[in-house]
Structures are given as C-alpha cells and as structure tokens.
1. Where in segment A:1-67 are the helices (runs of 4 or more DSSP H), entirely inside, with at least 3 residues that are in contact (Cβ under 8 Å) with a residue 60 or more places away in the chain?
2. Take segment A:247-277 and flag every residue that is at the interface with another protein chain (Cβ under 9 Å from one of its Cβ atoms), not aliphatic (A, V, I, L, M) and not in a loop (DSSP other than H, G, I, E, B).
3. Does any residue of segment A:236-248 turn out to be touching a Gly at 6+ places or on another chain (Cβ under 6 Å) and in the same structural domain as A:Thr136 (by TED's automatic domain parsing)?
4. Any residue in segment A:34-50 that is surrounded by 17 or more Cβ atoms within 10 Å (Cβ to Cβ), of a type outside the set (Lys, Arg) and in contact with a Pro (Cβ under 8 Å, 6 or more places away or on another chain)?
5. Return the total of residues in segment A:73-89 being within 12 Å of chain B (Cβ to nearest Cβ) and within 18 Å of B:Asp104 (Cβ to Cβ).
6. Please work out which residue is nearest to A:His26 (Cα to Cα), limiting yourself to segment B:68-79 and to residues that are in a helix (DSSP H, G or I) and touching a residue at least 12 places away in the same chain (Cβ under 8 Å).
7. How many residues are under 30 Å from A:Ser14 (Cα atoms) and within 12 Å of chain A (Cβ to nearest Cβ) when one looks only at segment B:218-246?
8. So, in segment B:1-26, exactly how many residues are over 17 Å from B:Asn89 (Cα atoms) and either facing chain A (nearest Cβ under 9 Å) or surrounded by fewer than 19 Cβ atoms within 10 Å (Cβ to Cβ) (or both)?
Number of protein chains: 2
Amino acid sequence: MQSKTNFRDVFYVSDGTAITSETLGHAVLGQFPIEVSQVTLPFVETVERAQYVKNQINQKFIETGEKPLVFFSIVLPEIKAIIAQANANLYDVLSVLVEPLTRDLQLEPAPKLHRSHSINKDSDSYQKRIAAIEYTLAHDDGVSLNNLEQADIILLGVSRCGKTPTCLYLAMQFGVRAVNYPFIEDDMARLKLPKEIEPYRFKTFGLTIDTERLMAIRHERYANSEYSSENQCGKELNKVESLFRREAIPYLNTTTLSVEEISTRLMEVSGLKRTLW
Amino acid sequence: MQSKTNFRDVFYVSDGTAITSETLGHAVLGQFPIEVSQVTLPFVETVERAQYVKNQINQKFIETGEKPLVFFSIVLPEIKAIIAQANANLYDVLSVLVEPLTRDLQLEPAPKLHRSHSINKDSDSYQKRIAAIEYTLAHDDGVSLNNLEQADIILLGVSRCGKTPTCLYLAMQFGVRAVNYPFIEDDMARLKLPKEIEPYRFKTFGLTIDTERLMAIRHERYANSEYSSENQCGKELNKVESLFRREAIPYLNTTTLSVEEISTRLMEVSGLKRTLW
C-alpha cells in the first residue's frame, strides 16, 4: 500500500493562466516524498467549464479512490464555489495569503481577474520586455556585436555552456537585454576580448562548465567528434577560464545549475534589477 | 495619509531563486489597491547574508516608518529563523500550504533545498527543455521549415503579431517545440499555406491582432512607413484571417493578451501538455 499512498493526482485550476497555482503547487509538492501526475486547467471562466472541471476531478477520485490534490487560484466567486465542491483536497493558493495581508494592510482586497499574468499592453514594462526579447535574439551567439551600449549584460563562454537559454530566460522573465558571444576555435590561439566588447567589459559575465559535462552535451550534437573530445573541451575551458581570471571577469560554473538558477545568480552578482510582469 | 498607507516596500527573500516567492507575492499583491516597490533577494544561504538581509529590511522600516512586506520561501531552518526576526510583515509562502498538505497526505515533509527551480541535468525533462529552445530558435520567423515533423505547434500570422515571444515562452516554460511562420507581402497576392507546412496543418495555429494595435507596433519599428499604414495592416490582417477561416485553422486575437495568456490559451486549445521543471 505504501506505493499507492505516495502517488497522487494533482490539478492546477485557475480562471487565469494557472501559472501562479502551478508555480506554488509545484514548489510545495517538492517538499514531500511523493510522485505526482499533474494536469493544468487554465481559463476556467464559465459556470459550464467549472462544472466540467469539477466532474473531471470527481471522476479521478472515483477511478483512483484517492482524493486528488487541487491547487487553485480563482477570483470569480461563482467559479470558486463550484470548484470548492469537488471531492478533493483543495488548496486556495491566493486566499491563504490574502487573509493575513488584509489584516496587516488594513485594506480590503479589490480582486481583479487576470491581474497577475495579464498586461496593459500600452505599459512601458510590456514594451520593455518585448524589446528585450528582440534585442537578445538579434545578439544571440555572436551574430551581432552592434549596439552593445544598449546591452544590460554580455555573456561569454565556450560553445554549448548554456549561454543562449540563459539569455532568453533573462529577456523573457526579467526584461534584460542580454548579448552572448561564444569563443570559437579561431579565438583560442591568442584568447582575448573581442574589440567590440572591450569598451563594455564592465557588462561582461562568464559562464563555464565542467569538462565531462561539456563533452556529454557536445557529444549529443556531434557524436565522437574532435569538438566533443576531452582534449578539445578541456583546452577550450582552460583557455577561457584563464581569460576570465586575467581580465577579472566574474564567472559562474553552470554544471549543476538550471537556467533559472544561472539567471538569478548572475542578476544578483551583476546587480541587475528584476522586473516583474 | 491615504497615499502613504497605500504604498509599501516589498521584499522577496529565498535560499533558492526566489521565483516562487516572487510569483505568489506578486499575484497576491495584485489583489490589493496598493503601489509597491519590490526588491528580490535570492540565494540567502548563509547566516551572514541572512543577517545582512534582515538589516536591510529593518533599515527600510526605520526609513519609512512602515513595516515592509516580506514574502519568503526558505528551507534552511537557521536562515528562516533570522529572517523571521525582521521588523516586517512576514509571509511564508510555502509553509501556509505545507501544513495542510502534511495533514491531508499524512506524510511528513522532506524538505530539500532548491527543489523547485533546480534540476537534475541528466533528466529527460531538462534535455527536452533545452532541445525545445534550440529547435524553436532554429525555426523562428520562417528561417527554416525543415524537420516540421518534430514540431509540437506551428504558429502563423502577419509580421509583428506576437509569434516570436510566444514561441520562445512555449519552449522555455513548457518544453514545446514551436515553429513560427510570418506571412509576408509576397504571400498576400494569393494567400495559401506554404507547401512545407501543408502536411502538418493539424499542428497549425493562427495569431491575429487588431489593426490599430498592429499599426502602433509597426510604427515603433518603422515610423510612417507603408508597412505600418492602416491600409497595409488592415489588408494583411483581412487576408490572413480569411485564410485561417477558409483552412479551418484555429486562431486567437492577441491584442489584449500577454505572452503568458497567449501561450496558455493556445496550449489549451491545441491540447499540448504543460511540462513543469
């Protein structure tokens, strides 16, 4: 029976994107030694859809004999009332904090639908975000080293050490204009900062990675190549790390870090401000 | 005094990325009619840094005379104990749900640091995510129409209607392989699906946008151009929407939607499964 009790069906339900429910539910479940099967049901905005979702949850209870876990973030009272009747363990991710805040702020909540991940498209911050994504795409992988005066950060490192996903995450999540430049074979002989980057060295940040990990990543792309060899990977990493040290460029080893961790760590080190949408 | 009580300083504090605290705090604050100034302090992993953060919060209280709002997600008990002493209104975003879950699951939590936004790099889901980002970048803006059999979704629409940010968000957040293809002027004369896309029409999804909004976005890029004119924008949108209807391609108007809303709505309509990291 142990294996059964340690497995649960999980639903994330919202009248918005369900991103808040997902993020919090996922984090909370990570604190428990259980396996889960997760379903996300966003935009539950009508009574009909709410009834349908309630039935879907109830059906799962009938099938499994275990109450599903339902994390929900619902502003519309009539929708919330229906979901609250499901045969499930229900967790209202917003209300648990809205109540103490109401007391502490001595203010009544003024709930608005979709406040969290929706936007005023005329707002500066939304424009800033879209512009950051475009800038970052145009400056991916050394494609362009123009307009570096507009960059918030310039990532340096060998090919396949995590620069591109990090830059895109920085742009998407935080509205950061991120440039990335890969040191390639031709740079290795006498490694130095490209002259276009030199005037903006104060914006540079290095990424590095363990040799074994780099070999594995490169091997997936080009199996058994010189590019993925221990010799080549080790040599490139040595040279690039020497450059970082010689030029006093702050750097981070990405081997055990997720895109989120790399991004938030280097925002922190470089003092960039996080924008929330 | 009204204006003073409706402004608060907010801190998001975590021994991880602080993404969970930010997401939940931001959503909860969106329910109240207040203005905030927000600071995020991730990776508070040492006693020294925790003391520093506590002092920073206390200093804000001294400066403003108002208790800052502190949303925190901290696993390490010795760090949590220090932050809990700050002169602030404190909200433990995880514990409020960990407690009822402990009761409902009849399981003790087994907290691990950084479980939420960290990764096992050898895991399939992490590889899937990075591969999705690469695939999506390689298929941005019609650059390549190869390997469409690997696509999860193919977005169609006129230039500047929101395809690229949506595709990148889908890849980054959900590990979706997203292709996007812009209909350009040359396509307009006799508009049809490109022959490379035809076999994969069941994966297509259209984006459209109001004429005024498209004009404004294009005007920012090329002011007073034919490209941003009412005549041109209106014509392109008419033609493309006719195509969507004629070919029975599901489509969405992005005018009032954020990247998150567009992405989650089209995941929902197209039945794609959300992967959580």
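The values are calculated or read from the model by the stated rules, or taken from the named source; none is laboratory data. No experiment lies behind these values; they were computed from the predicted model shown. Here the Cβ is made from the backbone with ideal geometry for all residues, glycine too, and neighbour counts use every protein chain on show.
1. Of the helices (runs of 4 or more DSSP H) lying wholly inside segment A:1-67, those with at least 3 residues that are in contact (Cβ under 8 Å) with a residue 60 or more places away in the chain span A:19-29.
2. A:Glu260, A:Glu261, A:Ser263, A:Thr264, A:Arg265, A:Glu268
3. Yes, because at least one residue in segment A:236-248 is touching a Gly at 6+ places or on another chain (Cβ under 6 Å) and in the same structural domain as A:Thr136 (by TED's automatic domain parsing).
4. Scanning segment A:34-50 turns up no residue that is surrounded by 17 or more Cβ atoms within 10 Å (Cβ to Cβ), of a type outside the set (Lys, Arg) and in contact with a Pro (Cβ under 8 Å, 6 or more places away or on another chain).
5. Looking only at that region, the number is 2.
6. Within segment B:68-79, the match that is nearest to A:His26 (Cα to Cα) is B:Ile79.
7. Filtering segment B:218-246 down to residues under 30 Å from A:Ser14 (Cα atoms) leaves B:241, B:244-245.
Filter once more, keeping what is within 12 Å of chain A (Cβ to nearest Cβ): none.
Total satisfying the criteria: 0.
8. Number of matching residues: 9.
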